[in-house]
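Worksheet: one structure, shown below.
The values are calculated or read from the model by the stated rules, or taken from the named source; none is laboratory data. Not measured: the values here are computed from a predicted model. Virtual Cβ from ideal backbone geometry, glycine too; neighbours counted across all protein chains shown. Side chains are part of the model used for accessible areas, which takes the heavy atoms of the whole protein and leaves out ligands, DNA and RNA. Shrake-Rupley method; radii C 1.70, N 1.55, O 1.52, S 1.80 Å.
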Amino acid sequence: MPTMRYVLMNGNSTIFFVEMPESHAYQLSALNLRLHKEIDKLTADHVPQLPYAVAECDNVELHDSSIRIVSGLDYINELEQEFAAVKESAYPLIALLTEIRALQAQLEQWYEEEL
C-alpha cells in the first residue's frame with residue numbers, strides 16, 4: 001500500500017487536508033508557495049482564491065466532521081480548471097498553468113501505476 005502525506009490547507013476561514021503520495025507532497029507545498037508569490041501579479045477580474053499550505057504530516061485522524069480530506073488529484077484538477085478559466089492579458093499565466101499541469105500529469109501517472 002502506498003504511503004501518503006497530508007498537506008494542511010487554510011483558506012477563507014476553512015481548513016482541509018490534501019492527501020498526496022509521499023513522493024509528491026512537497027511539490028504541492030512548493031507549487032502553493034509559488035502560486036501565492038505570483039497571484040498578486042495577475043490583472044484579471046476573476047482570480048482564484050488560493051488557500052495557504054500551512055503544514056505537512058504523515059497521518060491524520062479527524063475529530064471534526066466539518067474538516068475534509070481531498071484527493072490530491074481532485075485538488076490539482078480543480079486548481080487547473082480555476083486557473084485555466086482566468087482571462088489574463090498582462091501576466092504570462094501560461095507559466096503558472098504549466099507548473100500546475102506538470103504536477104497534474106505526475107499525479108495521474110502515479111495513480112495509474114500505484115492504484
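Here are some notes:
- Segment 81-111, residues that are of a type in the set (Asp, Glu), within 12 Å of the chain's Cα centre (by Cα) and surrounded by fewer than 16 Cβ atoms within 10 Å (Cβ to Cβ): Glu82
- Of the numbered criteria (1) in contact with a strand residue (DSSP E or B) (Cβ under 6 Å, 6 or more places away or on another chain); (2) of a type in the set (A, V, I, L, M); (3) open to solvent by 20 Å² or more (accessible area, probe 1.4 Å); (4) in a strand (DSSP E or B), the one Ile15 fails is (1).
- In segment 1-33, the residues that are charged (D, E, K, R), within 18 Å of Ala105 (Cα to Cα) and touching a residue at least 40 places away in the same chain (Cβ under 8 Å): Glu19
- So Lys41, is it in a helix (DSSP H, G or I) and more than 12 Å from the chain's Cα centre (by Cα): no
- Filter result for the condition that a residue is at pLDDT 95 or above and among the acidic types (Asp, Glu), over Glu80, Glu61, Glu38, Glu88: Glu80
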